[in-house]
Structures are given as C-alpha cells and as structure tokens.
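The next block holds one structure in the form of structure tokens; read it before the comments.
The values are calculated or read from the model by the stated rules, or taken from the named source; none is laboratory data. Bear in mind the structure is a predicted one, so any value in this text is a computation, not a measurement. Here the Cβ positions follow ideal geometry from the backbone for every residue, glycine too, while neighbour counts run over all protein chains shown.
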Amino acid sequence: MINYKYPKTFPRSEEIKVYINSEQIDVLKTNVAYFASVAHLEPIDVEITGFRPIGNITISPQRLGITAQLGGCTARFRLETNVLLHISLDGISLPLFFYGNPEQSYDGRATYYFAGGQIYEVGEIVLKDHESVYIEGGAVVKGSIRATGVSDIRIYGEGVLDGSFFSDTRDYRTILLYQCGDAVIRDIIMIEPPSWMIMLADCHNVHIDRVKQIGEVKSSDGIDIVGSHEIVIENCILRNNDDCVVIKGFNWCSHVTGETYQAAHDVYNVRVRACTLVNAQVGHAIEIGHELMIKEVRNITFTDIDIVSVHGHGAPFAIHVGDRALVKDVTFENIRVEHFYDKLIDFRIMRSRYNIDEERGRVEDILLKDIYVTVSEFNPGYSVSIIGGYDEEHQIKRVTFENFYLGDKKLTNGNQLDLFLKEASEITFK
C-alpha cells in the first residue's frame, strides 16, 4: 500500500478520520467535500471514524454492492480492488470521496516533476511538443496547465492540481488544450477551479483516464469537449457544480488574454465510459449543447455510467441545440441514475442567451438503452421529461427507449416519464 503524505498546511477534515488496514491516511478538505487517496495492490479494509455517531452510510456507485458495518462513530468495509467512491455519511456535514489507485511508480520521463509532500505555487504551466507534467501523490500544485498547437503531451500522477491560484480570474480554465493532438490526462485530482476544469478546444486523439474532480463554484464544468473529435474519457469520477461532461462547438473569447479560440468545428467520435458523475445544484450530468455553431455532432456514446445525483434543475440526460447543428447518432447505454429531481430527460431545440446562429438545428437518432433509474419519494408529481423541437422544420426525430427502467418498472410509454412533447416524432419504446 502507498499512503500518500500531503503537506501539513493543506486543510484537513476535522470531522472524520480514515484508516486503511489500521493505518491512518490523510483526509483532505474542500468547501464541498472531503477526499482521501491511497494506492494498493491487495484488498484493503477501510475504517471511517467520525467525531459524532454515523447514522447511515451510502457508498456510490451503489451497483458495486459495497456495504459497511456501522457501530457508533465508526463505519467499516472491505474493498477487493481499486475503486473510486462517493460516500455519504449521516451525521457528517460533507461527503467523502475515496480514491483507490493502482500502485504505480514514476516513470522518470516528465518535463515538470512535482514531488509529494509539498505545495507548489506555479501559476500557469505551458506545455510544448512532447512535454509532460507529473504530479506525485502527496503533491499539491496550485496553478493551471495550457497547451496550444502541440502534440504528444501528458498530464499525469496521483497528486492534486489546485485551481485556486486563479480564483479571482473570471472564466479561467484549469486545464486548457487548444488545437492539440495525442494528449493524455491521467490519474490526477483536480480541486478548487475558478471555472471550467478541463477544456478541449479543437483537439483530436485525447485520452482522459481516472481523473478525479471536485468542483464547487457555479460554472465548474468537469470536461468540456469543444469542437473536438476522437476523444476517449473513461474511469473518471467527476463532482461538478455545472455540467459534468458536455459537448459544444463554438468560438470562445478568453476574458484573460482577449484571444479567440476557434473551436466551431464538428464534434464526432467521442466515447465516455465507466465514469461516475456527481452533479450539484447547477447544470447537468451529461449534456450536448447549448453552444453548437457547427454543422454536426455525431457518433457520440455514453456507456457504463453511474450518475450519483443531479440535485438542481438540470437533468441526467440533456441535449440542448441552441444554434444550427444537427445532433445525431447519440447513444446512452448501460447507465444508472441514483438520484435526480427536476428533469430526467431534457432534449430541446431552442434559442437561448448562449446562442448566436439565426438558424435552428435538429436532433435525430438518439438511443437510450439499458437505463436504470432509482425513483424516490421526491420524483412523482415533481419530476418531468421533455422532448421538444423548435418548429416543423427543426424537429427531434427517432428517439428510442430500450430497456429503460424507472425503479423496477420497464418503460412502455411516455406517460410513465411525465413526458412533454413538442415538434417531436418517432418516439419509440422497446
């Protein structure tokens, strides 16, 4: 087991302690969550001890079936393998994110190496071709990472990238890759963003794997795929106070530099899989839109996703075409929703304050297959679904619900969803 040792000056939980095989590990603190990180090869026994009694515990993804033994101020459970967990503890004010990493050593190849046990105030790191950043477990790097027009870059390691260095800078992205290819972002923990956490603008061949995020401010999008293609996102756990994973296509002007990022390009061949999404009060778990000043969004798949929560007025599944784009061939498959409130499905063609095009778009050929939604007492009478086109020429067509379950009931018609339709056709249930 690798017990990462973080700087003593970094904020820690005063409510709970975590022990792995009876050895205490650091429990770090943000304003919205605690987090603890460890690497292990063998199964581990986890003990969480609170400074007050723990009334109940919910360990997500719930599909893993991890149960805890409770006794007074202590919860105990065993983990057979490396997992990324969201843990809610009754009686404890903040949830705990537990990051179980595989044991791996530094490869010695990074351009920028940050050793564990220290805090580094770096500001902005700009990567060139073939460069990389390694943040060792136990290190906290305060700053951001930028790359423009480069290829073969890596951002990796089990340490923390802390965006609070730019907390007073409007719309500042913590990681911004522009016109980059063959890039990897892997294993890092990201916290305290001033705005979007990862933005891929006009990029291709990008792989994001086992990234952990805790975003708290409004507009703390998790991963924004903007005008990019050949993107793979997998094995991540994202907590955001806006969209967790979102697809867009538009030109963006930075308030920091005044530079315009030309990213109004078609988005295609995007795969998001095996991720856990936690959405707070703002935004959606998964969204396509609103800014789509492009011709097409196509061949997009979201598979094997656990949506722990969508607490606000967003939805687990959202498509918002506010500009001229055709959104087609989108698959949501093998997805579990543990909690939602306002909307479950929110597919719309509209004009909003985020949009510029005069022409409206269209949505075609959307598949929702093997979807399992937990229904709580707060949903009936309050939660709805919407599939709404704009007019007769700008409709939503061919949306298929296949093996879609609300609780233990298979969906057979739109009434079960409290589904509102406008300028939509060929909505089928299998």
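Here are a few things to note about the model shown:
- In the stretch 259-274 there is no residue matching the filter, namely being at positive phi, outside the structural domain of residue 187 (by TED's automatic domain parsing) and buried (at least 23 other Cβ atoms within 10 Å of the Cβ).
- With respect to the stated conditions, residue 54 is closer than 28 Å to residue 277 by Cβ, outside the structural domain of residue 160 (by TED's automatic domain parsing) and either acidic (Asp, Glu) or not in a strand (DSSP E or B) (or both).
- Any hit, the stretch 308-315, residues being in contact with a His (Cβ under 6 Å, 6 or more places away or on another chain), in a strand (DSSP E or B) and assigned by TED's automatic domain parsing to the domain that holds residue 277: yes
- Any chance residue 217 is in contact (Cβ under 8 Å) with a residue 40 or more places away in the chain and not acidic (Asp, Glu): no
- Candidates are the residues of the stretch 23-53 that are of a type in the set (Gly, Ala, Ser) and within 12 Å of residue 1 (Cα to Cα); the one that is surrounded by the fewest Cβ atoms within 10 Å (Cβ to Cβ) is 39.
- Residues that are part of a strand (DSSP E or B) and of a type in the set (Val, Ile, Thr) within the stretch 327-367 comprise 327, 330, 331, 335, 337, 345, 349, 363, 366, listed in sequence order.
The rows are residues; the columns are (1) buried (at least 18 other Cβ atoms within 10 Å of the Cβ); (2) on the phi < 0 side of the Ramachandran plot; (3) in contact with a His (Cβ under 6 Å, 6 or more places away or on another chain).
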residue: 348; (1), (2), (3): yes, yes, yes
residue: 369; (1), (2), (3): no, yes, no
residue: 381; (1), (2), (3): no, no, no
residue: 386; (1), (2), (3): yes, yes, no
residue: 407; (1), (2), (3): no, no, no
residue: 424; (1), (2), (3): yes, yes, no
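- Verdict on residue 174 being at pLDDT 95 or above and in contact with a helix residue (DSSP H, G or I) (Cβ under 6 Å, 6 or more places away or on another chain): yes
- Qualifying residues in the stretch 225-258 (those that are of a type in the set (D, E, K, R) and surrounded by fewer than 24 Cβ atoms within 10 Å (Cβ to Cβ)) - the one farthest from the chain's Cα centre (by Cα): 230
- Filter result for residue 323 (surrounded by 17 or more Cβ atoms within 10 Å (Cβ to Cβ), under 16 Å from residue 427 (Cα atoms) and assigned by TED's automatic domain parsing to the domain that holds residue 417): no
- Qualifying strands (runs of 3 or more DSSP E) (wholly inside the stretch 232-273; at least 3 residues being within 23 Å of residue 179 (Cβ to Cβ)): 245-249, 267-273
- Considering residues of the stretch 18-37 that are of a type outside the set (A, V, I, L, M) and under 26 Å from the mean Cα position of the chain (by Cα) only, the residue farthest from residue 213 (Cα to Cα): 26
- Within the stretch 350-368, residues that are within 18 Å of residue 264 (Cβ to Cβ) have Cβ atoms under 9 Å from residues that are modelled with pLDDT of 90 or more and among the hydroxyl-bearing types (Ser, Thr, Tyr) in these pairs: 351/390; 360/390; 361/390; 362/390, counting only partners at least 6 apart in sequence or on another chain.
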